[in-house]
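K.L.:
What follows is a structure written as structure tokens; I'll ask about it next.
The values are calculated or read from the model by the stated rules, or taken from the named source; none is laboratory data. These numbers were taken from a predicted model, which means no experiment stands behind them. So basically every Cβ, Gly included, is an ideal-geometry build from the backbone, and we count neighbours across all protein chains shown. Keep in mind that these areas ignore ligands, DNA and RNA; they rest on the heavy atoms of the full protein, side chains included. Shrake-Rupley method; radii C 1.70, N 1.55, O 1.52, S 1.80 Å.
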Amino acid sequence: MKIAVIGTPNRDSLILPDGKKTTSWGGIAYSLLPLAHYLKGRGIVLPLCAVGEDASEDFIPLLQRFENISLDGIVKVPGRQNRVTLRCNSQDD
């Protein structure tokens, strides 16, 4: 079984109320990684997405940790990767 996932990887930054900042992959990564985990040994995950040249050396190795994620549908493009910043003003946000 092969499951294609269309989307965009985002470089997420979360700024906590105390000013600390954490970064991680979001967007399509939220679908790819759990899907690859649950399909392990039973199917292939095929991401269909573009990755900015500034992020490909970080995003692609993340996906390569999973033997069942195919990189055939990933296109490296010139330019900067999509980024998202979320600022939390309180612990309740």
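K.L.:
Taking the Cα centre as origin and putting +1 on Lys and Arg beta-carbons and -1 on Asp and Glu beta-carbons, what dipole magnitude results for the chain, to the nearest 20 debye?
P.N.:
160
K.L.:
With a cap of 12 neighbouring Cβ atoms within 10 Å, and only residues DSSP puts in a loop, list the trypsin sites (Lys or Arg not before Pro) found in region 1-41.
P.N.:
Here the trypsin sites (Lys or Arg not before Pro) that fit, given the DSSP loop and packing criteria, are Lys20, Lys40.
K.L.:
As I understand it, the value is the acute angle between the Cα axis of helix 29-39 and the longest principal axis of the Cα atoms of the chain; what does it come to in degrees, rounded to 10?
P.N.:
It works out to around 40 degrees.
K.L.:
How long are the semi-axes of the ellipsoid equivalent to region 1-82, from square roots of 5 times the Cα gyration tensor eigenvalues, in whole Å, largest first?
P.N.:
Gyration-tensor ellipsoid for region 1-82: 24, 16, 10 Å.
K.L.:
For Lys2, which lysines qualify as cross-link partners when the Cα separation must be under 19 Å and same-chain residues fewer than eight apart are set aside?
P.N.:
Qualifying lysines at Cα under 19 Å: Lys40.
K.L.:
Among DSSP bridges having both ends in the chain, what percentage is antiparallel? Round to the nearest 5.
P.N.:
Taking every DSSP beta bridge with both residues in the chain, the antiparallel ones total about 30 percent.
K.L.:
Same structure, new question: Region 3-93: which GluC sites (Glu not before Pro) are DSSP loop and have at most 11 other beta-carbon atoms within 10 angstrom?
P.N.:
Listed in order of number, the matching sites are Glu67.
K.L.:
When the accessible area of the chain is computed with all protein chains present and a 1.4 Å probe, what percentage of it is carbon and sulfur?
P.N.:
That share works out to 51 percent.
K.L.:
Which of Ser24, Ser13, Ser56 moves the most in a Gaussian network model of the chain with Cα springs under 10 Å?
P.N.:
Maximum among the listed residues: Ser24.
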